[in-house]
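Below you'll find the structure, written out as structure tokens, and then a few comments.
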Amino acid sequence: MAIAPEMTAPLRLCLDGDALVHNWRWLKASGGAAACGAAVKANGYGLGAVDVATRLLDAGCRDFFVATWAEAVEVEPFLPEDASLSVFHGVRAADMEAALASRARPVLNTPEQVARWKPTGRACDVMVDTGMNRLGLAAGADVSGLNIHTLMSHLASADQDAVQNGRQLELFRDAAATIAAQRYSLANSAGICLGADYHFGLTRPGLALYGGLPRGEAAGQIRPVVAVEAEVLQRRRIEAGESVGYNATFTADQPMELAILNIGYADGYLRAFSGKGTAGEGRFPVIGRVSMDLIAIDVRSAPAVGEGDWIAIDYDLPSAAAVSGLSQYELLTLLGRRFERIWR
Ligand SMILES: *Cc1c(COP(=O)(O)O)cnc(C)c1O
């Protein structure tokens, strides 16, 4: 077999493991006596599920959540005996073989899933719907004969001061009063910020671990984890009247200097940033349309920037969300496969 030549990617995510752990600790402390888990679905919100889970394990996290069995299979080998792994989407008929070969627990969401799992006699989690009308059993559903580890529900509007939060809390309390389980869990990142009533025995943050700001209460507490950097492939000068990029959406009204960076919408830097995004802490506006693999930025203010230099794309999650109209969740989970992911 030929030896692969040494290759480096022209775009990278610089990931701050200390900030990740700091965020988990803050979320854990905010949750009072509740255990604090970690949602590592969608490849750890794009950062890398195994890299995230191993760091949080070292910090003391013992409860992990993924969406599917394929995700569970990836993470499970790295978890010690005393750690727990739950699969939010439960168990389809096609998942049974993988599920029985795994230590992970399905989060049962439907009567069909309950019927499928009950004969195994094995531990499970159960999701009850309290008004989100996404996944979960209706109030009063038959869960007899199940060995329920964690009973949970999910908040639909915890990032807002919505009356729905209190209603969901009430309904979850009702469910918890009638369904016996080892533990009860309601709060995601934003739910943790809603206060002690919402904490129960276990919290399930995702977004805030990764530097997302779930609610104002977390401002100044949550540290950014992800920095996005791309390499300059070319520096070029354009004259007044020349246009830039697909469909010439930008025309220079004076001579300009551009740097072309190796990042584009195929990397998750979507066209929502066309003419709106910035790099270098606001110094370098994105000019014209974002291409699949490239963007142009205005570097008139930085004569020294040239081919081979690394430029930080402004990707502070709350502000990038405001600029692009994308959610902080989308900004994280879009980050693509071409980035080299470098932890420090
Ligand atoms: C994704 C998810 C979480 C984590 O939510 P964040 O808002 O990212 O903190 C918790 N619980 C369930 C059921 C989820 O699907």
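For a quick check of your reading of the model, give me the residue pairs whose first member lies in region 203-230 and is without any contact (Cβ under 8 Å) to a residue 12 or more places away in the chain and in a loop (DSSP other than H, G, I, E, B), whose second is surrounded by fewer than 18 Cβ atoms within 10 Å (Cβ to Cβ) and not aliphatic (A, V, I, L, M), with beta-carbon atoms closer than 9 Å and at least 6 apart or on different chains.
These pairs meet every condition: Ala219/Pro318.
Going by the conditions given, is Leu233 surrounded by 13 or more Cβ atoms within 10 Å (Cβ to Cβ), touching a residue at least 24 places away in the same chain (Cβ under 8 Å) and farther than 16 Å from Pro285 by Cβ?
On the way: surrounded by 13 or more Cβ atoms within 10 Å (Cβ to Cβ): yes; touching a residue at least 24 places away in the same chain (Cβ under 8 Å): yes; farther than 16 Å from Pro285 by Cβ: yes.
Yes.
I need the full set of residues from region 32-46 which are part of a helix (DSSP H, G or I) and more than 9 Å from the ligand (Cβ to nearest atom), in order please.
Of region 32-46, the ones part of a helix (DSSP H, G or I) are 41-45.
Within region 32-46, Asn43, Gly44 meet the criteria.
With the condition kept exactly as written, say whether any residue in region 103-110 is out of contact with any Asp or Glu (no Cβ under 6 Å at 6 or more places or on another chain), more than 21 Å from Ala175 (Cβ to Cβ) and of a type in the set (Val, Ile, Thr).
No.
Residue by residue, here is whether (1) more than 16 Å from the ligand (Cβ to nearest atom); (2) under 26 Å from Arg134 (Cα atoms); (3) part of a strand (DSSP E or B) holds:
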position	(1), (2), (3)
Leu57	yes, no, no
Phe65	no, yes, yes
Val75	no, yes, no
Asp82	yes, no, no
Leu85	no, yes, yes
His89	no, yes, no
Met96	yes, yes, no
Ser102	yes, yes, no
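Can you pull out every residue in region 172-183 that is surrounded by 20 or more Cβ atoms within 10 Å (Cβ to Cβ) and under 27 Å from the mean Cα position of the chain (by Cα)?
Phe172
Can we say Ala180 is part of a loop (DSSP other than H, G, I, E, B) and within 13 Å of the ligand (Cβ to nearest atom)?
Against the criterion (part of a loop (DSSP other than H, G, I, E, B) and within 13 Å of the ligand (Cβ to nearest atom)), Ala180 does not qualify.
Of the residues Gly212, Gly201, Gly216, which single one is more than 14 Å from the ligand (Cβ to nearest atom) and either among the acidic types (Asp, Glu) or over 22 Å from Leu108 (Cβ atoms) (or both)?
On the way: Gly212 fails: more than 14 Å from the ligand (Cβ to nearest atom); Gly201 fails: either among the acidic types (Asp, Glu) or over 22 Å from Leu108 (Cβ atoms) (or both).
Answer to the check: Gly216.
Between a first residue in region 237-252 that is among the small types (Gly, Ala, Ser) and a second residue that is not in a loop (DSSP other than H, G, I, E, B), which pairs have beta carbons less than 7 Å apart while being 6 or more apart in sequence or on different chains?
Partner pairs satisfying both residue conditions: Gly241/Thr251; Ser243/Phe250; Ser243/Thr251; Gly245/Ala296; Ala252/Ile238.
FYI, it's all coordinate maths here, none of it is from the lab. All of these numbers come straight from a predicted model, not from anything done at the bench. All Cβ positions, even for glycine, are placed from backbone atoms using ideal geometry, and neighbour counts span all protein chains on display.
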